[in-house]
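Accompanying notes for the structure given below.
The values are calculated or read from the model by the stated rules, or taken from the named source; none is laboratory data. All figures in this text were calculated on a predicted structure; none of them were measured in a lab. Because the Cβ atoms are built from the backbone with ideal geometry, glycine has one as well, and the counts that use them run over all protein chains shown. Surface accessibility is based on the protein's heavy atoms, side chains included, excluding ligands, DNA and RNA. Shrake-Rupley method; radii C 1.70, N 1.55, O 1.52, S 1.80 Å.
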Amino acid sequence: MFNLNLKHVFVLTIVFAFNLNVLAQSVNGIQTPKEFFGFKPGADRMLFSYEQLISYLQKLDEVSPKIKLEEIGKTPLGKPMYIAFISSEENINNLDKLKEINKELALNPALSEEQREKYFSEGKVFVLGTLSMHSDEVGPSQAAPLVAYNLVTSDDPEMLEVLNNVVYMMVPSHNPDGMDKVVEHYNKYKGTKYESSSMPGVYHKYIGHDNNRDFVTLTQEDTKAIARIYNKTWFPQVMVEKHQMGKTGPRYFVPPMHDPIAENVDAGIWNWTGVFGSKLITDMTKAGLKGVSQHYLFDDYWPGSTETAIWKNVIGFLTECASANYATPVYVEPNELNVYGKGLSEYEKSINMPQPWQGGWWRLSDIVEYEVVSTKSILETASQHREEILMYRNDLCRKEVELGKTEPPYYYILPQKQHDKSELLDLVNLLDEHGINVYFLKKSITINNQICEEGDFIIPLAQPFRAFIKEVMEKQNYPVRHYTPNGKIMKPYDITSWSLPLHKGVTSVEVNEKVLIPQSDMEKVIAPVSIKMRPGLEYDAVLFTAANNESYKAAFTALSSGIEVERLTEAVEVKGEKVPAGSFLIDLSFNNRKEVDKLIGGLSVPPMYLVSASGYKTEKLVKPKVALVETNFHDMDAGWTRFVFDNYGIDYTILMPEDFEKTELTKKFDVIVFPSVNKSVLMEGKYKSGERYYIPQYPPEFTKGIGKKGMEMLMTFLDKGGIIVSWGNSTEMFMGTLEIKHGEKDKEEFQLPVRDISKSLSKNGLYVPGSLLRVELTNDNPLTYGMQDEIGVFFRGKPVFATSIPHFDMDRRVIAKFPKENIMMSGYAEKVEKLKYKTAMVWLKKGKGQLVLFGFNPQFRGSTNVSFKLLFNSLLLNKTQ
């Protein structure tokens, strides 16, 4: 008891010194968070919404010269996103000048020493903090008002010095849409036994937790808004991404990260994260905050999170705080405390956690306290090392540019002649969003005995963001590290492939022999890039090649607009160019020319303009009635599928598992799509691992499965000619014995001529954590219209199919198989040779019905554009074939 009391005195005198103003009344007319919200942020069972959070920061902006709120974009649901600049009054008034200094230090390797010294003297360290991107991790955003209030009202000389040296750029909620969803859910069930239940669905318009996987492909509007801050506008020198983790482990994680780390990132970035982490653990421990860990669990070898900033020369890191049940306290028994992953083998005092937390009550107020103290520590470190950090930023700019001139690769070349021109242009525009300079050749030249044509795109590596260019343009080789010499390998935390050319199916040439392309031969690309072509003749038809993903967008959009579309049933040659079977033809004599012209205007690649639509073998394209199955179990894969469908103009209806038994599937739908989700979740609304079931933490109304009756309805749908498209874990639904009821007493049992053999392969050593593997595609099949003979697919080890001789009214065709050798294209795998000749995608027929089963995710995280057409073609299958 005596030690406990001393601890409380210690915390009150040291930690709360930074918080005293919060406990007081208004300072200089500035309302405290408690006065504004009616409760102190962090109070038990109390949460404020995003709108309330922004309203408070706007109030601070109105009355304090030390804070400025600026809108930075919109969320996917249209909410405004903000960044709060917090610093001294002088710095806030000089933000435009300081912004220009940031840009010069970040991007200009040719600064004179006089210019550099001037910028080092006048510049400030900009620290970007992004809060609660995962919206069930409520603490960082709930702490934001306290942090802001403390900073703008502090009269402590040391803090005033910090604010003179540092500009804190606080994004108060990285995911406003999700924040409101979570708060609404919590308040709905507060006071009931489901108060601590998980929110059903994803806390985002589309992708939920995967918003921390989107910082390479930049598909989401909120991702774009955050990435622009360090890619194109403010160029902060430091970035911290604030998260929460599980309830029963360490209380907090600070850098340095654990191995493996990204090999393309400069050593100085890792050293600086150690500087910040060392002060964090020191300050937090000094303040009496226990359970702070380092070198634990979280590695940093892969881009995709907000920390992709480290490939842009930003000193970037994350923090992770233990969670409560949103705002409801949890009591953790000492025997429940545990560790897993890397860096800690036991929950005991160690160099990576020198002062363990011993258990007890854990509240949102604890999380808020840890966030307040950690934020203060980060800002103090930035202040103490202001000039060194500014110098390092420009030194690294110079270093990366020089490396691009002296070490391979020197250039990446993107030939204009591509299988899919729309993906080429999309890649160029994406690189521009990342702050990468892309050029096109003004004339044909020869580089290392290879002819580069006029119009080819050139990406020099002599750029400040060289590390990022190399990371996303090369194929990936996982940095294998071991716990002990020749010991167990540290397994990847997430995926191991993200090569943009390979994932998009774009040919890229890496120039590794030293050569200099004269600047006079290149011209900088001004994004967005598109091909604008005038018809040059009177035309009555337009033809969209099936080789381009964008052509499918045109076709689906046209169908939704009532425009009649035909599809070529065989390849043709038009004006010397081969146009593949499956391409889309619109006859303008039957359609509104203005509507078609409007459609064409929204594309980056124009169609072929034809004098007439006659003379081509076609079939009418019928708009499919698509159902997309989505569960309530934070179904990110379904969310990504919704995003892809919306982006390509594909109309669909969401079908929840509980809807099957009460829906006339045959009348309402042509195609039912099952994204990757466990069979037990789909059928029973429960998680299952082996033979063990886990009760989900959702209110019971959200845990309904398809059930026996729903499965009967699905099999009737198949029997009547419906099409089922399924990939990943959901394909297990269609393995083994299935049953069709033809009447009350007439039932038919059958087994499709396919089985999943991935378990046996895994037992024999196959391990694929998420890599791009080569597959060979079957030609002249409607499912492979517009595809090349072989592509890379994103594969995670299961399922793997084996087909068999069919019986009765069944059939099968292998659509994609792994080759004999050279299976690995990018990433990491063990015993990948076990996949030789194995089936990765199969088409099946049962009576009038069809199934398309993928062993891989054709739309993985919206990033595997190279395989999108396989999914699109599945939706467009002819029901009568």
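Quick notes
- Extreme residue, farthest from M636 (Cα to Cα), among residues of the range 822-881 that are outside any strand (DSSP E or B) and of a type in the set (S, T, Y): T880
- For the condition among the hydroxyl-bearing types (S, T, Y), out of contact with any Cys (no Cβ under 7 Å at 6 or more places or on another chain), surrounded by fewer than 20 Cβ atoms within 10 Å (Cβ to Cβ) and part of a helix (DSSP H, G or I), T641 does not qualify.
- Verdict on S726 being farther than 24 Å from K667 by Cα and of a type in the set (S, T, Y): no
- Exactly one residue among V775, V842, V793 is more than 20 Å from N548 (Cα to Cα), touching a residue at least 40 places away in the same chain (Cβ under 8 Å), among the β-branched types (V, I, T) and crowded, with 21+ Cβ neighbours inside 10 Å, and that residue is V842.
- Some residue of the range 243-259 being open to solvent by less than 10 Å² (accessible area, probe 1.4 Å), of a type in the set (A, V, I, L, M) and farther than 28 Å from Q697 by Cβ: yes
- The residue that is farthest from L772 (Cα to Cα), among those in the range 480-501 that are among the β-branched types (V, I, T) and surrounded by 14 or more Cβ atoms within 10 Å (Cβ to Cβ), is I489.
- Residue in the range 659-675 that is open to solvent by 70 Å² or more (accessible area, probe 1.4 Å), part of a loop (DSSP other than H, G, I, E, B) and at pLDDT 95 or above present: yes
- Long-range neighbours under 7 Å by Cβ, at least six apart or interchain, first residue touching a residue at least 24 places away in the same chain (Cβ under 8 Å) and closer than 16 Å to D96 by Cα within the range 114-140, second open to solvent by 10 Å² or more (accessible area, probe 1.4 Å) and assigned to a loop (DSSP other than H, G, I, E, B): F126/W234
- Selection of the range 536-560 for residues being of a type in the set (S, T, Y), surrounded by 14 or more Cβ atoms within 10 Å (Cβ to Cβ), farther than 12 Å from F872 by Cα and within 31 Å of the chain's Cα centre (by Cα) yields T545, T557.
- Filter result for F868 (in contact with a strand residue (DSSP E or B) (Cβ under 6 Å, 6 or more places away or on another chain), open to solvent by less than 10 Å² (accessible area, probe 1.4 Å) and either among the hydrophobic types (A, V, I, L, M, F, W, C) or touching a residue at least 12 places away in the same chain (Cβ under 8 Å) (or both)): no
- Residues in the range 148-178 that are out of contact with any strand residue (DSSP E or B) (no Cβ under 8 Å at 6 or more places or on another chain) and part of a helix (DSSP H, G or I): N150, P157, E158, M159, L160, E161, V162, N164, D177, G178.
- Of everything in the range 562-579 that is open to solvent by 70 Å² or more (accessible area, probe 1.4 Å) and part of a loop (DSSP other than H, G, I, E, B), the residue that is nearest to G649 (Cα to Cα) is E564.
- Restricted to the range 745-758, and to residues there that are more than 17 Å from K720 (Cα to Cα) and open to solvent by 80 Å² or more (accessible area, probe 1.4 Å), the residue that is nearest to the chain's Cα centre (by Cα) is R755.
- Assessment of the range 244-256 against the conditions (assigned to a helix (DSSP H, G or I), under 30 Å from G862 (Cβ atoms) and touching a His at 6+ places or on another chain (Cβ under 8 Å)) yields no matching residue.
Table: residues versus (1) farther than 30 Å from Q519 by Cβ; (2) within 30 Å of the chain's Cα centre (by Cα).
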residue	(1), (2)
A324	yes, yes
E333	yes, no
M353	yes, no
V373	yes, yes
S377	yes, yes
R386	yes, no
N394	no, yes
V401	no, yes
Y412	no, yes
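- Residue count for the range 191-229, restricted to those that are assigned to a helix (DSSP H, G or I) and more than 15 Å from the chain's Cα centre (by Cα): 2.
Yes/no matrix, rows are residues, columns are (1) closer than 14 Å to R466 by Cα; (2) in contact with a strand residue (DSSP E or B) (Cβ under 7 Å, 6 or more places away or on another chain):
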| site | (1), (2) |
| --- | --- |
| I389 | no, yes |
| Y410 | yes, yes |
| L424 | no, yes |
| H434 | yes, no |
| Y439 | no, yes |
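- Residue match in the range 502-524 (condition: in contact with a helix residue (DSSP H, G or I) (Cβ under 7 Å, 6 or more places away or on another chain), at positive phi and either at pLDDT 95 or above or open to solvent by 10 Å² or more (accessible area, probe 1.4 Å) (or both)): yes
- Filter result for the condition that a residue is part of a helix (DSSP H, G or I), open to solvent by 10 Å² or more (accessible area, probe 1.4 Å), modelled with pLDDT of 95 or more and in contact with a Gly (Cβ under 6 Å, 6 or more places away or on another chain), over K188, K232, K181: K232
- Residues being open to solvent by 30 Å² or more (accessible area, probe 1.4 Å), closer than 15 Å to S560 by Cα and assigned to a strand (DSSP E or B) - total across the range 580-624: 1
- Qualifying residues in the range 191-208 (those that are open to solvent by 60 Å² or more (accessible area, probe 1.4 Å) and touching a residue at least 40 places away in the same chain (Cβ under 8 Å)) - the one nearest to S305 (Cα to Cα): K205
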